[in-house]
Amino acid sequence: MITLNGLVAVCLTYVVFLFVIAFFAERSALRGQVRWLKAPLVYTLSLSIYCTAWTFYGAVGSAARSGFEYLTIYLGPSLVMVGWWWILRKLVRIGRSQRITSVADLVSSRYGKSNLLAICVTILAVIGTTPYIALQLQSVTLSFEVFAQPGVPSPEEGLRSYTALWVAFGLALFTVIFGTRNLDANERHHGVVMAIAVEAVVKLAALLAVGIFVVWGLSGGVAQTLARIDASELGSWQMDGGRWAGLTLLSAAAFLCLPRMFQVLVVESDDEGHLRTASWAFPLYLLLMSLFVVPIAVVGLDLLPAGSNPDLFVLTVPLATGQEGLAVLSFLGGFSSATSMVIVAAIALSTMVSNHIVMPIFLRLTGNGASVSGDVRHAVLLSRRLSITGVVGLGYLYYSLSGGGTALATIGLVSFAGVAQVLPAMLGGIFWRGATRMGALAGLTSGFAIWLYTLFLPSIGSGALSDAIMAQGLFGLSWLRPQALFGISGLDPLLHAFLWSMTFNVTAFFSFSLASFPSPLERLQGAQFVNVFDHSGGPRSWAGGVAQTEDLMIMAQRILGAPEAQALFEREAHRQGGRGLLPDPTPDFLETLEKELSGSVGAATAHAMVGQIVGGMSVSVEDLMAVADETAQMMEYSARLETQSNELSRTARQLREANQKLTRLSVQKDAFLTQISHELRTPMTSIRAFSEILRDSRGLTAAEHIKYASIIQDEAIRLTRLLDDLLDLSVLENGQVNLNLRQGLLCDLLDRAAAAANDGGHAVRIRRNGPNEQLMLNTDLDRLSQVFINLIANARKYCDADAPELEIRVSEKTGLLVIDFIDNGSGISVEAQDLIFEKFARVSDRQAGGAGLGLAISRQIMTRLGGEISYLPGYGGAAFRVALPRNFALAAQ
Ligand code: ADP
């Protein structure tokens, strides 16, 4: 009896063998020796991943339980291959011309590159496939146990999950190594495909060997076997037409939609021509796989004690009859079926998860961390690897949580019905231009929801949906019973779910498609998908004709500029030894061109552009992401440039303004100096003249003496005042004043100002409004009073009325305290009204002795106090307005 360790050793040797095969295939592909890898036979054999451990072990189990029904699972795909090969051909052509990487990518690209749809399909695929991966792990574990049992009477509790864990780990490792070696533009994995083709042979050989042994070794020939079948329960088996048709349809739909099938059928396909071979060879393969199922089941039922698991007859029959070698071969067949399924499913799912979920999140998170496209590729690889580990890990988790009890076939069919929900969106998308994103989304989600509710959740067991919901329906509504929706009961649960989910799916798909309008991108993609045979003229090589070179030239001119592009093309044409301007688009040249372009537009964009023109192919999701990444960088860069240039022009403007101001100031300074020397000179001249007279002229009368001395004194006082004013102004202008904030009543302030200014001869009569002036101020009272004194003094000095009068009006306007000083003189002419606030500006004819600084000082003071002083035109006499912000003035208590 072979020991468990021996079996593990066989397993490991087999796995190493697979690694070696994958490695050599991969190396040959790298060296360009891909001819034998691309043989139609390899393609056909790779399709055999359809037959998983479920088929290998489960078909016999199914035959033992429900007779010939298992045949439907083979019938569906055979029908597709034979009768629907034109659908497949279209899918393969679209896959190649649009560089489709997964079933989610196909649906998303068709409907305007909608990532939302891609995410939906991805989630559906992950939910639909996880139990299936768990199933494979379960079957390997079960088969291990079969061998373990005789030697170890009570297998350790941990053995199951232990085996499953190692198997899951090994599969993830294999997939990571060979499934993500490179991000080849076409997503082909020669190593994996080759390994799978070998596994296909192993499982077929194993099943045939067991079958031959059963028919000729145990039953004694074909005739006896047939007699045995007739005599068994299976002989009287009755066909249920509805279920038969339903299951055939279901497996046909699943065959097209299963992520792993799409991977080998479309993504890994190199040549549409292979379909021709596969269309007869694959049904033949399925026929051989199903040939001995019934005999094995019948003999198993006869031979083995009642209650043995029929799912394991393929193993247990040889073991029970002492055929150990055969049992090990059969074990390897099952192992092959399981591993090949998990590997391809993990590649297919991880591509979807990574492209549509992980990468978009990654790009959003690192949105502003400008990364070169190399980094993106690196990130894509990493996210693929993580996704593979995640997908296999999820399968393992499901396996260990579910305990692995359910019959193999049930899980498989539930999964089939789930992924089949993609069918309407897929077929509608490639045959009907009117199909829209909304339609696809509505169909998918409604179909998926019904599948979840009527099939998936009930299949998990009592935990997911309570018994009450199962028996009485959701919210107690009997027409919402999961297995008798809308009151249609008595149907087989699987058929019931398939029927309803598809009905809703198709109805929603069509009605929403008809009711919604496709976006321009959707229209474009729709046309390309539906009319793919018009657009893509068969396999195209990277090399093209003159027409393409011209297009390349036009594009290069646009990006590099005409002279540079022409020089590049001419140089290349010369190097190729041809005459004229246009070189042949050799791979070398295309590479050079791509490099040149990538300097300007980024590597990914350049690749996509050249690819568009030369290959006529569309851009893959990775390319798009890289392009988006580069575009974002460029936009960011140009935004930065724009900000900088804005800043520069702002600085230039500020400099220009500062320069103008400086010039103006310099002019003012000159004028000021002239003015000041003039102002100083006048009193100085008289002081000098009269002091000389006093000194030199003898015999002056006492009266004359006094007169000249007082002139000198007056002039000296004037000079001092002038210098005081100048000093004051300069302090104010430089902003060096310290405000001395105090509180005081406005009326007191005005009283004091009037007394100080109106001192001496021909005083001006002042009219005031007492009650309005009862306001408490909180400001620099001395400075404000200086302004008032100046205004009152001006009225006294310059008002030319016979009976000079000054009215002081206090009012409040929109948060401002306003004090107007209006006299009854002849006022100030319009053109002088602005001027009077300038330094040394004097406009009236009256020689009142002022230097023209009073109003300039007042304006500076008011600015410092946060208010302003202005001339009020239209009053006849001179009118000035002093306005203070209200918060400086507090209402009198
Ligand atoms: P000054 O120190 O010479 O009084 P101001 O700056 O106070 O100078 O006034 C500037 C000029 O404005 C005065 O020279 C005068 O011509 C004119 N001015 C000021 N107040 C009045 C007024 N109330 N009536 C007529 N002219 C006035």
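The set of residues in segment 568-593 being open to solvent by 40 Å² or more (accessible area, probe 1.4 Å) and part of a helix (DSSP H, G or I) consists of Glu570, Arg571, His574, Arg575, Pro587, Asp588, Glu591, Thr592. Take Thr339 and decide whether it is open to solvent by 10 Å² or more (accessible area, probe 1.4 Å) and in contact with a Leu (Cβ under 8 Å, 6 or more places away or on another chain). No. Taken together, the criteria place Arg809 among residues that are more than 13 Å from the ligand (Cβ to nearest atom), farther than 16 Å from Met862 by Cβ and not in a loop (DSSP other than H, G, I, E, B). Scanning segment 815-832 for residues that are more than 9 Å from the ligand (Cβ to nearest atom) and open to solvent by 30 Å² or more (accessible area, probe 1.4 Å), we see that the one that is farthest from Gln860 (Cα to Cα) is Asn824. Quick check on this structure: which one of Asp845, Asp800 is of a type outside the set (A, V, I, L, M, F, W, C), near the ligand (Cβ under 9 Å from one of its atoms), at pLDDT 85 or above and open to solvent by 20 Å² or more (accessible area, probe 1.4 Å)? That would be Asp800, the only listed residue that is of a type outside the set (A, V, I, L, M, F, W, C), near the ligand (Cβ under 9 Å from one of its atoms), at pLDDT 85 or above and open to solvent by 20 Å² or more (accessible area, probe 1.4 Å).
Quick check: is even one residue across segment 698-707 touching a residue at least 12 places away in the same chain (Cβ under 8 Å) and out of contact with any Pro (no Cβ under 7 Å at 6 or more places or on another chain)? No, segment 698-707 has no match at all.
Output the number of residues of segment 699-738 satisfying the condition of being hydrophobic (A, V, I, L, M, F, W, C), within 26 Å of Lys839 (Cβ to Cβ) and at pLDDT below 85. Final tally of qualifying residues: 1. None of Ile676, Ile687 is modelled with pLDDT under 85, open to solvent by less than 90 Å² (accessible area, probe 1.4 Å) and within 30 Å of Asp725 (Cβ to Cβ) except Ile676.
Picking from residues in segment 1-25 that are free of Cβ contacts under 8 Å to residues at least 12 places away in the same chain and open to solvent by less than 80 Å² (accessible area, probe 1.4 Å), the one that is nearest to Val344 (Cα to Cα) is Val20. The lone criterion from (1) within 9 Å of the ligand (Cβ to nearest atom); (2) open to solvent by 20 Å² or more (accessible area, probe 1.4 Å); (3) more than 26 Å from Leu673 (Cα to Cα) left unmet by Lys839 is number (3).
To keep it simple, each residue is scored yes or no on (1) in a helix (DSSP H, G or I); (2) over 30 Å from Gly825 (Cα atoms); (3) not small (Gly, Ala, Ser).
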{"residue": "Leu732", "(1), (2), (3)": "yes, yes, yes"}
{"residue": "Gly744", "(1), (2), (3)": "no, yes, no"}
{"residue": "Leu749", "(1), (2), (3)": "yes, no, yes"}
{"residue": "Met776", "(1), (2), (3)": "no, yes, yes"}
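Here Leu722 meets the list (1) within 12 Å of the ligand (Cβ to nearest atom); (2) assigned to a loop (DSSP other than H, G, I, E, B); (3) open to solvent by less than 40 Å² (accessible area, probe 1.4 Å) almost entirely, failing just condition (2).
Would a scan of segment 212-224 turn up a residue that is modelled with pLDDT under 70, open to solvent by 30 Å² or more (accessible area, probe 1.4 Å) and assigned to a loop (DSSP other than H, G, I, E, B)? Looking through segment 212-224, none of the residues is modelled with pLDDT under 70, open to solvent by 30 Å² or more (accessible area, probe 1.4 Å) and assigned to a loop (DSSP other than H, G, I, E, B). Where in segment 418-532 are there helices (runs of 4 or more DSSP H), lying wholly inside it, with at least 3 residues that are out of contact with any Asp or Glu (no Cβ under 6 Å at 6 or more places or on another chain), at pLDDT 90 or above and not aromatic (Phe, Trp, Tyr)? Helices (runs of 4 or more DSSP H) meeting the threshold: 423-431, 437-451, 493-515. Please tell me if Arg89 is in contact (Cβ under 8 Å) with a residue 24 or more places away in the chain, among the basic types (Lys, Arg) and on the phi > 0 side of the Ramachandran plot. When the stated conditions are applied, Arg89 does not pass them.
This table checks each residue for (1) aromatic (Phe, Trp, Tyr); (2) open to solvent by 10 Å² or more (accessible area, probe 1.4 Å); (3) outside the structural domain of Ile450 (by TED's automatic domain parsing); (4) part of a loop (DSSP other than H, G, I, E, B).
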{"residue": "Gly95", "(1), (2), (3), (4)": "no, no, yes, no"}
{"residue": "Ile100", "(1), (2), (3), (4)": "no, no, yes, yes"}
{"residue": "Asp105", "(1), (2), (3), (4)": "no, no, yes, no"}
{"residue": "Gly112", "(1), (2), (3), (4)": "no, yes, yes, yes"}
{"residue": "Leu117", "(1), (2), (3), (4)": "no, no, yes, no"}
{"residue": "Cys120", "(1), (2), (3), (4)": "no, yes, yes, no"}
{"residue": "Ile123", "(1), (2), (3), (4)": "no, yes, yes, no"}
{"residue": "Ile127", "(1), (2), (3), (4)": "no, yes, yes, no"}
{"residue": "Ile133", "(1), (2), (3), (4)": "no, no, yes, no"}
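Of all the residues in segment 768-797, those that are open to solvent by 50 Å² or more (accessible area, probe 1.4 Å), within 16 Å of the ligand (Cβ to nearest atom) and not β-branched (Val, Ile, Thr) number 3. Residue check: is Gly374 at pLDDT below 75 and farther than 26 Å from Arg260 by Cα? It is true that Gly374 is at pLDDT below 75 and farther than 26 Å from Arg260 by Cα. Filtering segment 313-336 to residues that are surrounded by fewer than 24 Cβ atoms within 10 Å (Cβ to Cβ), in contact (Cβ under 8 Å) with a residue 60 or more places away in the chain and assigned to a helix (DSSP H, G or I) leaves Thr316, Leu319, Glu324, Leu326, Val328, Leu329, Leu332.
The values are calculated or read from the model by the stated rules, or taken from the named source; none is laboratory data. Source: prediction; values computed, not measured. Positions of Cβ are backbone-derived with ideal geometry, glycine not excepted, and every protein chain shown enters the neighbour counts. These accessible areas exclude ligands, DNA and RNA; they are computed on the full protein's heavy atoms, side chains included. Shrake-Rupley method; radii C 1.70, N 1.55, O 1.52, S 1.80 Å.
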